[in-house]
Amino acid sequence: EICGFFEEILQKVTSLAAPTGAQLRYEIPNKNIFTLANPDKLERAMLNLLSNAISHSMKGTEILFRLTRRNRRLYISVSNVPVDGDTPTDLHNRFLRMPGLEDPRHGIGLGMLLVQNVATIHNGAVLVDRVGQALRVTLSLPVKQGHGQLCSPIQLMDYAGERDHCLIELSDVLPAEVYSPEKLK
């Protein structure tokens, strides 16, 4: 059930991101939507989209996560108003950053590549467009019905070493105090 899955993660991200000045708002249908998907990969793609939005937004601007369903497709969108109208032109190119030459907010180029790969294994697509001043990244996935869950051919151990995925994926945008021993209890 995809709505409850995303809502649980978004509640956590909203509270974790509050100290950064990010104002996360989310819109999720108030009904159950069942689909076959790999939950670990969807979570990681979603957290990478949110991390990008937080790192590229001016403090105090709204970041909107929206889940919609139209016919047999799901649309997972993250919108934000980038700093100074900044729009990276190489969102899908991997490893473009050369140390010391580019804006460090653009990372090393793995986040969007990961999102694109998640779309591909789910027979989906990633769309990037502008809505007014906002940059919107949308992960489009088919709604698949059936039994079980979509899994990668090889199931490896947890990539975060059993640590909180939200804390790992948002580590480049969260303040250090979120990781203090008192807060991690």
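Quick look at the values:
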| read-out | value |
| --- | --- |
| For Leu74, residues with placed amide H under 5 Å, excluding near neighbours | Leu141, Val143 |
| Counted charge near Cys166, where neighbours are those whose Cβ lies closer than 9 Å (Asp, Glu -1; Lys, Arg +1) | -2 |
| Residue-by-residue Karplus 3J(HN,Hα) for region 34-51, coefficients 6.51, -1.76, 1.60, Hz, glycine and proline x | 9, 8, 7, 7, 8, x, 5, 6, 5, 4, 5, 4, 4, 5, 5, 4, 5, 4 |
| Two-site FRET efficiency, Thr68 against Ser180, from Cβ-Cβ distance with R₀ of 45 Å, rounded to 0.05 | 0.75 |
| Probe 1.4 Å - accessible area at Asp164, Å² to nearest ten | 50 Å² |
| Net charge of Cβ neighbours under 9 Å - reference Ser51; Lys, Arg +1; Asp, Glu -1 | -2 |
| Gain in span if fully extended, Arg130 to Phe34, counting 0.36 nm per residue against the direct Cα distance | 31.6 nm |
| Cα→Cβ-extended label distance, 7 Å offset, between Ser15 and Lys59, nm | 2.3 nm |
| Radius 13 Å from Cβ of Ser79, net charge of other residues (Lys, Arg +1; Asp, Glu -1) | +1 |
| Built amide H within the under 5 Å cut-off of Tyr26, gap 5+ | Phe65 |
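The values are calculated or read from the model by the stated rules, or taken from the named source; none is laboratory data. From a predicted model like this one, the values you see are computed outputs, not experimental measurements. When we count neighbours, we look across all protein chains shown, and the Cβ atoms used for this are built from the backbone with ideal geometry, even at glycine. Quick note on the areas: whole protein, heavy atoms, side chains included, nothing else; ligands and nucleic acids left out. Shrake-Rupley method; radii C 1.70, N 1.55, O 1.52, S 1.80 Å.
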